[in-house]
Amino acid sequence: MTSKPAIKINAAKAKPKTRKLKTGNLATATQKNKTTVTPKNVESRQPAAAKKAAAKKPAKAAAKPTKPATKAAKKAVASKSAAPIKKRRRRPSVAPERVEQIFSRFAAIEPEPKGELEHTDAYTLLVAVVLSAQATDAGVNKATRGLFAAADTPEKMVALGEDKVRGLIKTIGLYRNKAKNVIALSQKLIDEYDGKVPEDSISLEGLPGVGRKTANVVLNVWFGKPTMAVDTHVFRIAHRLGFTNGKTPDDVERDLLQIVPEKYGVPAHHWLILHGRYLCKARKPECWRCPVNDLCPMKDKTPAPNK
Ligand code: SF4
């Protein structure tokens, strides 16, 4: 049979191993303890020692995370716990009846308020709004008449080139940077939007020179969306009428969007702009002829000039 020699070879190889275990240091230890040490006993002792060590280690490891590892970490933990909890800004409470009365009076005076920037479509409106930053609408209109006669589409604007655009708008403040932005945004409209003005704020705000306020104006004026573009007038009027205590245009926008009744959502920002531009002026509001005087909480209202 062929299986017999194989068994013999295996047995011969196994023998020296068992002998080595019996005659080693462990064998001496067993003599002292007067116990018989077999390979089985050895195996059972080793895990016991390992278990003891392992039992100690996890305890240390578990304790570690509660203590900061370094001085810097200790400081960070200390400063975090000592830092004052930032209070969330709370919008002042505004009676909905008062808001309704204010906007209904604006609606009665000017049912269909319009912006004053001249434009013929979404693109010319977008360019006019970009140019209107830190400039008057009248000044922008003066410049855009010549500009739009030369180029009133993104393709024509890019073909016209930055130098010529700069020359046509040089009466407006920051004209160098604005010319650059007009060319860049026109190119982006061609490349990414098939030459059309997108109808959402994220895409609009991704265009060169277009911020949140510009996007809101385009969405409101051209696309008829109930956005609130917060310029200096809207910011001031919203505070004077007690609609907000926000420190930033974003805060004011959020507050106004919450309190303006839905039916006034589209024209509301025009009314606030017009009210601020012609009546509730920054330095000397003309309170004596204000249609919402009795609904305005501002102290120190301006008396009539002859009183
Ligand atoms: S009363 Fe005076 S401060 Fe108040 S909204 Fe009218 S103009 Fe502005």
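Here are some notes:
- Whole-Å distance, taken between Cα centres, linking region 249-297 and region 218-240: 10 Å
- Among MET228, MET157, sorting on how many other beta-carbon atoms sit within 10 Å of each Cβ, with the fewest leading, yields MET228, MET157.
- Peptides 202-214, 103-115, ordered by how many other C-beta atoms sit within 10 Å of their residues on average, highest first, read 202-214, 103-115.
- Rounded, prolate or oblate (a/c below 1.5 giving rounded, otherwise prolate when a/b exceeds b/c) for region 122-221 by Cα gyration tensor: oblate
Taken together, the values in this text are just the output of simple stated rules run on the coordinates, not laboratory data. Just so it is clear, the structure is predicted and the values come from calculations on it, not from any experiment. With ideal geometry, Cβ positions are generated from the backbone for all residues, glycine too; neighbour counts draw on all protein chains shown.
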